[in-house]
Each structure stands twice: as structure tokens, then as C-alpha cells.
1. Using 0.36 nm times the number of residues separating V36 and T209, minus their current alpha carbon distance, what extension gain do you get?
2. Which of D436, D323 comes first, and how do the rest follow, when ranked by fewest Cβ neighbours within 10 Å?
3. At V93 and Q160, where each label point lies 7 Å from the Cα along Cα→Cβ, what is the point-to-point distance in nanometres?
4. Based only on other Cβ atoms within 10 Å, what is the fewest-to-most ordering of E424, E262?
5. Starting from the Cα of Q441, step 7 Å along the direction of its Cβ; do the same at E262; then give the gap between the two resulting points in nm.
6. May I ask you to order 100-109, 414-423 by the average number of other C-beta atoms within 10 Å around their residues, highest value first?
7. With θ set to phi - 60°, apply the Karplus curve 6.51 cos²θ - 1.76 cosθ + 1.60 along the stretch 425-441 and write out the HN-Hα couplings as whole Hz, x wherever there is a Gly or Pro.
8. Run the reach check for K398 against lysines, Cα to Cα strictly under 19 Å, same-chain hits fewer than 8 apart removed. What comes back?
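No value in this document is a laboratory result; all are computed from the given coordinates. The structure displayed is predicted, hence computed values, not measured ones. Virtual Cβ from ideal backbone geometry, glycine too; neighbours counted across all protein chains shown.
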Amino acid sequence: MDQELKGLRIDRSGDGERRSSGWASKWILIGVALFVLAGIGATAYKKLTAALEVTTVRAQAQQTVGAGGRAVVLNATGYVIAAHKIQVASKVVGKVAWIGVEKGDAVKAGQVIVRLEDDEYKAQMQQARGQLMTLEARLQELEAGSRPEEVAAAKANVEQARADLENAKVQLDRARQLAADKVLAKSSLDDAQARYDAAVARVRSLEKTYELVRIGPRKEVIAAMRGQVEQARGMVAFAETQLANTLIQAPVTGTILERGVERGEFVTTSFVGERGAKGYVVTLADLNDLRVELDISQNDFSKLGPKQKGVITVDAYPDKKWDGVIDEISPEANRQKATVQVKVRVLDPDEYLRPEMNASVAFLSDEKAGAAAAGKPVVFVPAAVVKNDRVYIVVGGKVMERTIKTSGNTPQGLRVEDGLIGGEDLVVNPPAELKDGMKVQVKQR
């Protein structure tokens, strides 16, 4: 091994080193170029094969045959509403002292739901009752007439006045005789005459007073006092009514839909402030009396008639159905919407139906549907999914282009006569670059 080690020598000519370093640089450049080309290719491939993001909506199918095999002449959508929705307000102004209901509670007609503070109304009622008692006592006094003691006193006054008159007459006669004998001065005679005239006037006045006391008050005075008593009774009744109105009762049997006030809030009968006084205390409705409110296009209005029957469904419970009948048709059309409002009464409402739910009504004809129409659904789609009589259906992450045939626009959307069966997921507002078979990604339904 020592001989072999001694035989080893280092080549210092440099040719081999330059050759090896040159080949290494070339291979490095080639590797970098290949890596860059691979990245560019991968990016281009991703862009070419990337899924296009789209928004979809599902085609809705509605049956053309209803209960009992009757043909469906029209399908319409609307909302469930309470036939009589009541905002219970207060008749008096006051502050809420107590409220005994919550949202969703069932109440009966006449049940007290809110109580207002009533101290002021109690005081007003007490004041009105006191005024009534005063006037009633005065009326009783007038109706009873003068007491015997009052009549006797008036008669005594007349007799005394007559005695004074006799005395004045004697004094006058004496003065006249003395004046004739020129013993008494003329002025003394005039004084005696004046006393006599005053006595005569006093007797006449007391005689009339005695007669009035004996007869009693005039019937007109009694009638006027009776009128004041009736007015006072009306004030008492009004005060009692105001006090009773501090207890707010449910006008009908129903369910509380909204609780509008809290304890300590002020309730008014005039203005309604956003942060101030409230104009009503609760909102309630009878949920056993429901309607479906629909806006029917004027083009389809001729298909309906009074008392026409229909089948009601709601989005929340698509497997449940309720019978209905047209209960109200608006006497005028809506010019802006070109529709006529129709209300369908729910014949058998239950706890599943709630106001403001989306609802659909399939109106039935009086005749049974033929065999050809049995089971054939009517499909409705939004106008935004149709482009040049074509739609794009999303299936398994890809789109399928399909030609459809429509027969006009309805409140439910475009009616599709051919090309769809219902339940398909359709691309909304298809972009220009969308092609048949292209991969897509649904970002919103």
C-alpha cells in the first residue's frame, strides 16, 4: 500500500477541471430551464382546467292535477296572512304598570293583558261623584218645595207689614187733619204720606213673596237643575269609563304576535314616537282564521272565479297540503304590477301554518283532468337562467346545455313547456365563456 500511495500524483495541468466545470454549468442551466417550463405549463394547465364559479337555482315543478283528479288551472304563490290582525291600543294616556303576556301567548276575549297607572283617574272619578251629590241634593230641595216653617214665616211677615200699613194710614189721616187746621206744617204731611206709600209697597212685596213660598219653585228651575244633575252623572260615567280603560283587555281570542311595550313605558292615544310614547301595546290575531294573499297576473285572472277551490302548500312543509277557497277578490287591479289581489281562505288551518310564510296555491277546475294530463308537472324557472332559449344544467360539477321551450312569463317565472322536468340546478346569468361540458363550481344556490 505504501508503494501505491507514493505513486499517486496530482494533475496540475487544469484541463480536466475546466472540462468538468463546463459540463456542470450546462446541466444546471438545463435543469433551471426545465423547471421554469414545467411551472409555466402547470399554471397554464390549471387555468385551462380550472372550474368556473357559477350561481345556480333549482327549477320548480308544480303538479297539474290536484285532489280528486281535478285539473289545476293555475298555480300561484303568495304569503300566509292573518285574516284579522289587530294592534291593541289604549283608549287613555298613561304609564304601563303591568303587562301580563309574552309573544306567542294565547289569550281569550276580555282577558286583561296590560294595566296602566290609575291614580289620576281615581281622583277624577271621586271629584265627579262629589259634584253629582251636590247637585242631586239641590234638586231634591227644589222638588220638595217650601217647608211649613218657611210658609209661616212668610205669612207672618205679610201680617206685620199690613199692621205697619194700618199705623201709617192713621198717621197720614191725622196729619191731613192737622194740616187742614193749619196746625201742622206741609212738610210733615208729606213725610206721613211717604211713610204710608212705603208701607203699601212693602205689603205688596211681602204678599208676592209669601205666594211664591207657598207655591214653591218654578218647574223651569227644577228642569234646569235636573239637566245639571244629568250632566254631572255623565261626568261620573265618563270618569268611571276612563278608570276602567286603564285595564286593557284582549278584544278577541287569539295569539300574541308582538309585544309592543314594557313596564314603565308611556302609552298615548295620539302621536307615536320612536323612542317616546307607544301607540299600541300588543299585536294579536286569530290563527284559526288564515288567508293566503296572492297577486294574480291579469293574463291569468280569467281562469279564476268566486269560491273557486285550491290546494295550499308552504315551503316550510312541502309534504303537507291544506284545502282552500277564494274568499276575497280585490275590486280593482294594481296598475304598476298588472295584477289583481286574491285572498284564499284556509279551510283547515293548524299549528303548522304561520303568518308571513311563503305559500303556493294550485287552483282546481270543476272538471277532472284527462289521462294525458295526469302526473304531468308544470315547470317554472327564473328568466335570468334562460339565454337564447337555452339553459345550462349543473350535473356532477359540469354543465349541460339544453334547449327549452317557454310559453310566457307568470308571477312564478317563465313557464317551461318542454326541455325540463323540474328539480334541475340551472346556472343563473350564464357567462359568455360558459360552454357545454365545462367544469363549474357552484358558489351560491
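1. Computed gain between V36 and T209 is 48.7 nm.
2. In increasing order of surrounding Cβ atoms, one gets D436, D323.
3. According to this spin-label approximation, the distance is 5.8 nm.
4. With the sparsest Cβ surroundings first, the list reads E262, E424.
5. Inter-label distance under the simple model: 4.6 nm.
6. Highest mean packing first, the order is 414-423, 100-109.
7. My calculation for the stretch 425-441 gives 8, 10, 6, 8, 6, x, x, 5, 7, 6, 10, 4, x, 6, 6, 9, 10 Hz in order.
8. The qualifying lysines are K46, K47, K387, K435, K439, K443.
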